[in-house]
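Peer 1: Input: one structure, supplied below.
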Amino acid sequence: MSYVFDLDGEEVWAPSNRVAQLYLGMIETAARVLRLPTGLRPKPSGDWYDIDRAEFTALVTGMVREFAASGHWEFRIMVGSLLGVSIGICDRAGITIETRDEKERTAVADLRDAAF
């Protein structure tokens, strides 16, 4: 069994149940901390999620900015693991992550290398 995350009716990620549940918990917490919506909408079946392009992009961009600006190693480890997966989802969905400076570009590139 797995969860399915799709954008515009196209599957972009289908992790196992445990991985999806962990990701959903982490992304919901990050969204709450950043005061942004997750951009993930559950379908009635409960194991399918629609990705709202604008909201998900805003959240991932917000996480990139926080990550790149932070010197707090625990924060960077926790957010970095979530960002690696989120950047991978963006890449598969054709979502471009806008960066403002070299620190943000480097963060995205480094985390992308760690993604799936």
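Every read-out reported here was derived from the displayed coordinates using simple, explicitly stated rules and does not represent laboratory data. Since the structure is predicted, the reported quantities are computational estimates derived from the model, not experimental observations. Ideal geometry is used to build each Cβ from the backbone, glycine not excepted, and the neighbour counts take in all protein chains shown.
Peer 1: Let me see the P(r) profile for the stretch 4-114: every Cα-Cα distance counted, bins of 5 Å, each bin given as a percent of all pairs.
Peer 2: Per 5 Å bin, starting at zero, the Cα-Cα P(r) for the stretch 4-114 comes out as 2, 12, 24, 27, 20, 10, 4, 1, 0 percent.
Peer 1: With the contact rule set at Cα under 8 Å and sequence spacing of 6 or more, what percent relative contact order holds for the stretch 2-116?
Peer 2: Dividing the mean separation by the residue count of the stretch 2-116 yields 24 percent.
Peer 1: Along Cα→Cβ, 7 Å out, is where each label goes; now give me the distance between the ones at Arg53 and Ile77 in nm to one decimal.
Peer 2: The answer from the label model is 3.8 nm.
Peer 1: On full extension of the chain, what length is gained from Arg100 through Arg18, given 0.36 nm per residue of separation minus the C-alpha to C-alpha distance?
Peer 2: 26.1 nm
Peer 1: Once both axes come from the Cα atoms, what is the angle between helix 17-34 and the longest principal axis of the chain, in degrees from 0 to 90, rounded to 10?
Peer 2: Helix 17-34 sits at roughly 50 degrees to that axis.
Peer 1: Sticking with this structure for a sec: Could you state the angle between the C-alpha long axis of helix 73-93 and the longest principal axis of the C-alpha atoms of the chain, as a value from 0 to 90 degrees rounded to the nearest 10?
Peer 2: 50
Peer 1: Separate question: Once both axes come from the Cα atoms, what is the angle between helix 102-114 and the longest principal axis of the chain, in degrees from 0 to 90, rounded to 10?
Peer 2: Helix 102-114 sits roughly 40 degrees off the main axis of the chain.
Peer 1: At what distance in nm do the modelled label points of Val33 and Ala114 sit from each other, each positioned 7 Å from its Cα along Cα→Cβ?
Peer 2: Going from the Val33 label point to the Ala114 one covers 1.3 nm.
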